[in-house]
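Trainee: Okay, handing you the structure first.
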Amino acid sequence: MSLEARTQTLGQALLAATRPGRSLLAQMREQLQWDEKLLAWAMEHPGLRTQLFRLIDTLPALTGSGEISRHMQEYLDQPEVELPELLKHLIHFTGRESLAAKTAAQTLTTAVSTLARKYIVGENFAQVRHTLERIRRQGMTFTLDILGEAVLSETEAQGYLQKYLDLMTQLAGVDWGCVPQVSVKLSAFYSQFDPLAERTTRIRVTQAVTQLLRKAGELGVAVHFDMEQYKYKNLTLAILQEVLLADEFRSRTDVGLTVQAYLQESEADVRELVDWVKSRGYPVTVRLVKGAYWDQEVIWAQQKHWPLPVYRRKSSTDANYEKLTRLLLENHRYLYPAIGSHNVRSQAHALAVAEALAVPLSAWESQVLYGMAAPLAKALVERGYQVRMYCPYGELLPGMSYLIRRLLENTANTSFLRQRLEKTDESALLAPPAWAEPTTPLPQIESFVGTPDTNFAEPGKPEQFLAAITQVKSQLGQTYVLPHCSAERLLDSVNPSNPTEVIGRVGLADATSVQQAIDLAQKAQPVWRQTPLSQRMDLLLKIADTLAAQRPEWVAWMALEVGKPIREADTEVSEAIDFCRYYAQMAEQLERGHTYDVWGETNRYRYQPKGIGVVIAPWNYPLAISVGMVTAALVTGNCVLYKPAEQSSVIGCKISQFITDLIADLGLPAGVFQGLPGWGEEIGPLLVTHPAVHFITFTGSRQVGCQIYAQAAQLVPGQTHLKRVVAELGGKNAIIVDASADLDQAVQGVVQSAFGYAGQKCSACSRVIVLESIVQPFVERLWAATASLVIGAATDPATTVGPVIDAVAQERLQTAIAQAKQRLTLVGERPAPAMGYFVGPTIFTDVPPDDPLAQEEWFGPVLAVLRVADFDQAVQVANGTDYALTGGLYSRTPSHIQRAAEELACGNLYINRGITGALVGRQPFGGFKLSGVGSKAGGPDYLLQFVDPKVVTENIQRQGFAPVAEEL
Ligand code: NAD
């Protein structure tokens, strides 16, 4: 009999053994229990499914029936949500404290707890033991997985390990009649698990795994390692392969690892694992699953513009699964295959292959998740196969993300379990999976597609950047003198992570340089404004291409000169490239202008360049902001004088040199763009007040910005126009965390937003406004996560917090922190390395809204926690500063999200995510109030600031004649 025929026979037998009397879906709908009904409705109504799962996700954060019933109405009582009559009836109550509301809340909580219990073996060991003993009596073995919150700190990572050590001890105390097994997730052993920080991650994770495996060995417990998101895969496999080759563990066969068939790389991984295990000489288990993070992987890859790591079609995954099943079973002499699936076809196929290859029954096993496919598991056991049940254990509420994953799987259109409920046609359920990967590109919904950041999980990427750092280090200490600048008056730029290292010496511009540069710009201006747009665009595209080709070098210069950690410097290169390409695209649209013709008269609305612009840039985004401001002015036909910040003068010179070189290569006039490094107070005013300058684009502090605004308003002799000032200034950005927030997400987002680049982003979070009821758990986890950040030199790939920019900033922050300690409650202050301009991340709590820490921009790693009584007060406090740059909200209450969108005063509001990292074209960036004046950088209106609109009206009627459409 052919393999396929045998698969069909086995599949039919399994289906018959698990066949429900009549449509399960119909039965579920008619059930008295609400949990069954909810699931059935979710499958029938897609709109309801989404809202219902969101509501269930929120449930753990809600306290009291009033809050629960309110959220039921907010989520479900929506025009787009189709509600079954019974549910409509349940949620149409008035008054949150009414009996009807309480009943609704109770019904939902009971239903969700009942649902959760179906997938979780117990909340404590007594319950777990009871369930596991039942599983054993049914002839199955098990693997136990501890559910929990995300691991955000080393305390939590330590806690995770300890829970497993304790669990293994408890398991070893019971005679199970089989080897008990636990399943663990590697990323939970180190809170800063990161493929970029490969060495540190390896060391930390290996320590934990070693401890776990030793203890497991002593106790006689087997350990299986789960696989998580794709970004962790390569490092997970690399660490495990290394540990399991160590003398101490090499002969251990009671360990295993996992492969996800939805990954396109999975076949190569399996082949590699087979080679590895052969060389190891002792088998390990390889669990084959389809993969549980499909939506997340697709969204992540799409947002990052990275290739999709997973197959697009479920049937392709199923087909790949069968291929890998065979590959594993063929190698059963070297490894122990564990076939984890709820799909009868996949399991039947595995049985048929095992049979065909004469794999002994004891040489492999099937696996299913607890609560997902009990009848299938039972049918397999009855036929003499080995079955292991994967059993999650833990409290119901922290287990909610697990529950949502199971519910998604159970109710997805493509899921076998759902099809089994709905389909009567069993042959379709058993049909061989067709390879169905589309060859067309993924649908693109963005009008501007930015350049992808580096994916540091790709093999070889971290090494490439480290090599660039070494190479750039060999170029340190050189002198840069741009045209018109002094070769004698030099500014030393030093490495803030190590101030003894001079990055370079830069010749300074003075009054004469400014005048010479202006003279040259005035010569170039008439030519440049006449240069066809295509050539101006070409310049921008070439700048973008050059940056892209030199990405690792630019990252190295930023890490060295301004102390920006590698990953953040990498995103800055992307941003600079995006600005060029985006503004080129926008300039093309602008060039079209508008046509307002009428019969006999043309009305043409066109834009013309303003003239000569001055760009004054900050040090904190030395590449992206400089390139963005410069290219916007250039592409619209203006000549530009560019003054970089003192602290990033070398990068400023490098930008100036390469753009000037490109201009020369393209045969464009020399005065189109000129770099003028110098002291801000010295040449800044000369540039700003020069009568030949038409506009100033500035990004920097409020103090300097306001000064420039005032100076530019003064008409000086010889000036024949009014100047425009575009100024992007500071912020005192707040994130509100309300009681319904997902704390895993909120803590992570706040830490990243507050301490990324040592708090020196204008978008950084410096205030977190927290609802009273959750302040304590939030602050506890916030500090633990902050205490786990790695402080160090920006060039070290493990670093999450680098230095502040210079000695002045360091001293200013140290003094401000010391004074704040006198009047505020300190949550914690990280010690900082002695050498370098480091300031340890510091958090104060219960900060009054009018305290200087809650009002002034400190521009460093200092975070204020403000406690508020309710959401109204949160909004009021958030809006209570002079600034309006960025803001954030962590909430799962729809009405709060809506209010925040309407009421929070900030140019960029981010909901349920970090508040930094705006992307060109996706989150155009800029604020209002005292955060700046002008349109958003990287947005559709930005270029309008560098042009003057002009309308030309022509009467085209001569002697009463003008073309008129005939059909009139
Ligand atoms: P800064 O104001 O000290 O310096 C900015 C630039 O202004 C530098 O090039 C400096 O040399 C120049 N300058 C100084 N004095 C001048 C003067 N009198 N006339 C003309 N130019 C002068 O700011 P910084 O420390 O470089 O940058 C940090 C500030 O920038 C923070 O306030 C931050 O919030 C803000 N920032 C805002 C944005 C935004 O998009 N809104 C982006 C980045 C930084």
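Trainee: Per the helix-only calculation at 222 nm, which mean residue ellipticity applies to the chain, given -39500 (n - 2.57) for every DSSP H run of n ≥ 4 and division by its residues, nearest 500 deg cm²/dmol?
Mentor: When only DSSP H runs of four or more count, the value is -15000 deg cm²/dmol.
Trainee: What is the Cα centroid distance between the range 118-166 and the range 286-337, reported in whole angstrom?
Mentor: Each part reduced to its Cα centre gives a spacing of 25 Å.
Trainee: Return the carbon/sulfur percentage of the accessible area of the chain, one whole number, probe 1.4 Å, all protein chains in place.
Mentor: Using a 1.4 Å probe with all protein chains present, the chain comes out at 53 percent carbon and sulfur.
Trainee: Now for a separate question. For the full complex of protein chains and a 1.4 angstrom probe, list W300, W306 by accessible area with the highest value first.
Mentor: Ranked list, largest accessible area first: W300, W306.
Trainee: Relative contact order for the range 784-931 using alpha-carbon pairs under 8 Å, separation at least 6, rounded to a whole percent?
Mentor: 15 percent
Trainee: Enter the Cα centre distance for the pair the range 538-562 and the range 887-933, rounded to the nearest angstrom.
Mentor: The range 538-562 and the range 887-933 have Cα centres separated by 29 Å.
Trainee: Show K610, K118 ordered by accessible area, largest first, where the area counts protein heavy atoms only and the probe is 1.4 Å.
Mentor: K118, K610
Trainee: Roughly how many Å² is the accessible area per residue of the chain, as a whole number, for a 1.4 Å probe?
Mentor: On a per-residue basis, the chain sits at 40 Å².
Trainee: Another question, if that's okay. Output the direction-averaged projected area (hull surface divided by four) of the convex hull of the alpha-carbon atoms of the chain, in nm².
Mentor: 48.3 nm²
Trainee: Among 89-97, 230-238, how do they line up by average Cβ neighbours within 10 Å per residue, starting with the highest?
Mentor: 230-238, 89-97
Trainee: Here is a further query. Per residue, how big is the convex hull of the range 136-178 when only Cα atoms are used? Give it in Å³.
Mentor: Each residue corresponds to 70 Å³ of Cα convex hull volume.
Trainee: From the backbone phi of the range 703-715, what are the Karplus-calculated ³J(HN,Hα) couplings (6.51 cos²θ - 1.76 cosθ + 1.60, θ = phi - 60°) in whole Hz, Gly and Pro given as x?
Mentor: Coupling constants for the range 703-715: 4, 5, x, 5, 4, 4, 4, 5, 4, 5, 6, 7, 7 Hz.
Trainee: Show log10 I(q)/I(0) for the range 435-485 at q = 0.17 Å⁻¹, two decimals, from a solvent-free Debye sum over equal Cα scatterers.
Mentor: Taken in order of the listed q values, log10 I(q)/I(0) reads -0.85.
Trainee: So how compact is the range 359-452: Cα radius of gyration and Dmax in angstrom?
Mentor: Gyration radius and largest Cα-Cα distance of the range 359-452: 19.0, 57 Å.
Trainee: A further question follows. Relative contact order for the chain: what is it in percent, counting Cα pairs under 8 Å that are at least 6 residues apart?
Mentor: 11 percent
Trainee: Now, a different point. Report, largest value first, the span of the C-alpha coordinates of the range 515-656 along each principal axis, in whole Å.
Mentor: The Cα atoms of the range 515-656 stretch 63, 35, 21 Å along the principal axes, largest first.
Trainee: Quick check: the angle from helix 566-592's long axis to the longest principal axis of the chain, C-alpha only, nearest 10 degrees?
Mentor: Approximately 60 degrees, to the nearest ten.
Trainee: While we're on this one: How would you rank 122-133, 333-344, highest first, on the average number of other Cβ atoms within 10 Å across their residues?
Mentor: Top of the packing list down: 333-344, 122-133.
Trainee: Out of all DSSP beta bridges with both ends in the chain, state the antiparallel percent to the nearest 5.
Mentor: Looking only at bridges with both residues in the chain, the antiparallel portion is about 30 percent.
Trainee: Another question about this same structure. For the range 633-683, what size does the Cα cloud have along each of its three principal axes, sorted from largest down, in whole Å?
Mentor: Cα extents, longest axis first: 33, 19, 14 Å.
Trainee: Nearest 0.05, what FRET efficiency do R333 and Q475 give at R0 = 56 Å with Cβ-Cβ as r?
Mentor: Efficiency at R0 = 56 Å is approximately 0.55.
Trainee: Follow-up. What angle do you read, to the nearest 10 degrees and between 0 and 90, between the alpha-carbon axis of helix 680-689 and the longest principal axis of the chain?
Mentor: 60 degrees
Trainee: Roughly how tilted is helix 198-219, in degrees to the nearest 10 and between 0 and 90, from the longest Cα axis of the chain?
Mentor: With both axes taken from Cα atoms, the answer is about 20 degrees.
Trainee: Beta carbons within 10 angstrom, averaged per residue: use that to sort the peptides 713-725, 135-147, 747-759, highest first.
Mentor: So the peptides 713-725, 135-147, 747-759, ranked by packing, come out 747-759, 135-147, 713-725.
Trainee: Skipping prolines and chain starts, which residues have an amide H placed within reach, meaning under 5 Å, of the one on V865, given they are 5 or more residues away or on another chain?
Mentor: V768, F844, T845, D846, V847
Trainee: Please report the spacing between the Cα centers of the range 198-219 and the range 779-846 in Å, no decimals.
Mentor: The range 198-219 and the range 779-846 have Cα centres separated by 30 Å.
Trainee: Now, a different point. To one decimal place, what Kirkwood hydrodynamic radius in Å is obtained for the range 232-378 from all pairs of distinct Cα atoms?
Mentor: Here the Kirkwood hydrodynamic radius works out to 16.1 Å.
Trainee: Just to check I understand the Karplus step: with θ = phi - 60° and J = 6.51 cos²θ - 1.76 cosθ + 1.60, what whole-Hz values come out for the range 223-230, glycine and proline as x?
Mentor: For the range 223-230, the Karplus curve yields 10, 10, 9, 6, 10, 10, 5, 4 Hz.
Trainee: Hey, what do the phi angles of the range 740-747 turn into as Karplus ³J(HN,Hα) couplings, whole Hz, using 6.51/-1.76/1.60 and θ = phi - 60°, x for Gly and Pro?
Mentor: In residue order, the calculated couplings are 8, 5, 7, 5, 3, 5, 5, 4 Hz.
Trainee: Using just the alpha carbons, could you tell me how many Å³ per residue the convex hull of the range 839-936 encloses?
Mentor: 121 Å³
Trainee: Can you list residues whose amide H is under 5 Å from G828's amide H, if they're 5+ apart or on another chain and H is modeled 1.01 Å from N?
Mentor: I843
Trainee: Taking amide H positions as placed in the peptide plane 1.01 Å from N, state which residues far from Q181 in sequence (5 or more) or on other chains have amide H under 5 Å from it.
Mentor: Residues meeting the amide H criterion: F142, L144, A222.
The values are calculated or read from the model by the stated rules, or taken from the named source; none is laboratory data. Because the structure is a prediction, the values reported are computed rather than measured. Every residue, glycine among them, receives a Cβ derived from its backbone with ideal geometry; neighbour counts consider all protein chains shown. Ligands, DNA and RNA are stripped out before the accessible areas are found, and what is left, the full protein with its side chains, is counted by its heavy atoms. Shrake-Rupley method; radii C 1.70, N 1.55, O 1.52, S 1.80 Å.
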